[in-house]
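Notes follow the structure.
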Amino acid sequence: MIKLQVTDQTGRIDKVIAEIEPSISRSRAKKLSDEGSVSVNEAVVKPKYKVSAGDKITIVNEEPQEIDLIPEKMDLDIVYEDSDVIVVNKPSGMVVHPSAGHENHTLVNGLLAHSPLSTINGEFRPGIVHRIDKDTSGLLMVAKNDQAHAELSAQLKEQKNLRKYVALVYGTIKEDQGVINAPIGRSKSDRKKQAIVDDGRPAITHFSVIKRFEKYTLIECRLETGRTHQIRVHLKYIGHPLLGDPLYGPKKVVGDHGQFLHAQELGFEHPKTGELMIFSAPLPDFFEKQLKKLAATEIPM
């Protein structure tokens, strides 16, 4: 038997189970729900059931796959730390937390060797309040205790946080700024992808142009919501996919670092003092080198 607690997760029960318990895939969670092995607040539910904050999930006839969560000493780029929170600059190529296929060498493994972390988000995601993709670099806030975690999660849910990204995209964007408002959900043709779907969850991305080049544009993106792959999906949707994106960009990928997307600025109210805290992280070297290559083709603003 497995017992799980819903915190800030939303959506269908099969999706949420896969998010909270990395040893269970979404397809497995759906099968268990279809079989009547999943209950929420002691009532059996089907896969389409949508969870609410505080829901208690019980899964019978199932044991979690063993994933040894081992602290690993790493040279982490910690931007800020106190007794409640850590702000870390994650490099491109690092997975945030363990899951099937990525049992170790994750950011969580490194953080566990550095400090105690909150337990509110499950066994395999201690301290993790929000995530960025493996090949996205930049800032993450991490909770060191459950009280801090609950407060930071509430800020995310209420859209009080500041999250700004720098992105290099294909094509020249004509508008100086804009808003992409398009719902995102699982792609019906490729389960590995997210897509713009009518019945998806609301998703809003604000963007503004920083520099234009002959074939590319450097932009700043600000998240109003935080859906899986949101920036990547939204930029593809408007015809300007991220450079280097192996999932949503052209088949011929530029570079070997994944998408040129960097979480450059992060702001939140300190969970204990209420102080507004804003942090920034410079672009990684590979991103800067690419911009230098394009400098000769820059179009004056």
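The values are calculated or read from the model by the stated rules, or taken from the named source; none is laboratory data. No experiment lies behind these values; they were computed from the predicted model shown. No Cβ is skipped: glycine too gets one built from the backbone with ideal geometry, and neighbour counts run over all protein chains shown.
Take the conditions at positive phi and either surrounded by 20 or more Cβ atoms within 10 Å (Cβ to Cβ) or of a type outside the set (Gly, Ala, Ser) (or both) and apply them to GLU42. Does it pass?
It is true that GLU42 is at positive phi and either surrounded by 20 or more Cβ atoms within 10 Å (Cβ to Cβ) or of a type outside the set (Gly, Ala, Ser) (or both).
Listed by position, the strands (runs of 3 or more DSSP E) contained in segment 200-301 that have at least 1 residues being touching a strand residue (DSSP E or B) at 6+ places or on another chain (Cβ under 8 Å) and farther than 30 Å from ASP8 by Cα are 204-213, 216-223. Candidates in segment 85-101 are the residues that are farther than 21 Å from GLN230 by Cβ and modelled with pLDDT under 90; of these, the one that is nearest to the chain's Cα centre (by Cα) is PRO98. Could you tell me how many of the residues in segment 204-249 are of a type in the set (Lys, Arg) and farther than 27 Å from ALA18 by Cβ? Within segment 204-249, residues that are of a type in the set (Lys, Arg) and farther than 27 Å from ALA18 by Cβ number 4. For segment 1-60, the set of residues classified as under 23 Å from the mean Cα position of the chain (by Cα), among the basic types (Lys, Arg) and in a strand (DSSP E or B) consists of ARG12, LYS50, listed by residue number. Under the condition of being buried (at least 16 other Cβ atoms within 10 Å of the Cβ) and at pLDDT below 90, the residues counted in segment 103-127 number 8. Taking the criterion of being within 16 Å of the chain's Cα centre (by Cα) and surrounded by fewer than 22 Cβ atoms within 10 Å (Cβ to Cβ), the only residue of segment 231-247 that qualifies is LEU247. A count restricted to segment 180-199 and to residues that are in contact with a strand residue (DSSP E or B) (Cβ under 9 Å, 6 or more places away or on another chain) and either surrounded by fewer than 11 Cβ atoms within 10 Å (Cβ to Cβ) or part of a loop (DSSP other than H, G, I, E, B) (or both) stands at 9. So, LYS174, is that one in a loop (DSSP other than H, G, I, E, B), farther than 30 Å from GLU288 by Cα, free of Cβ contacts under 8 Å to residues at least 60 places away in the same chain and basic (Lys, Arg) or not? No, not satisfied. What do you reckon, is ILE132 of a type in the set (A, V, I, L, M, F, W, C) and modelled with pLDDT under 90? In short, no.
Checking each residue in segment 25-39 for being touching a strand residue (DSSP E or B) at 6+ places or on another chain (Cβ under 6 Å) and more than 12 Å from ASP14 (Cα to Cα) picks out only GLY36. For segment 216-236, the condition of being of a type in the set (A, V, I, L, M) and either touching a Pro at 6+ places or on another chain (Cβ under 9 Å) or farther than 29 Å from TYR80 by Cα (or both) holds for at least one residue. Taken over segment 200-216, the residue count meeting the criterion of being without any contact (Cβ under 8 Å) to a residue 60 or more places away in the chain, crowded, with 16+ Cβ neighbours inside 10 Å and out of contact with any Lys or Arg (no Cβ under 7 Å at 6 or more places or on another chain) is 4.
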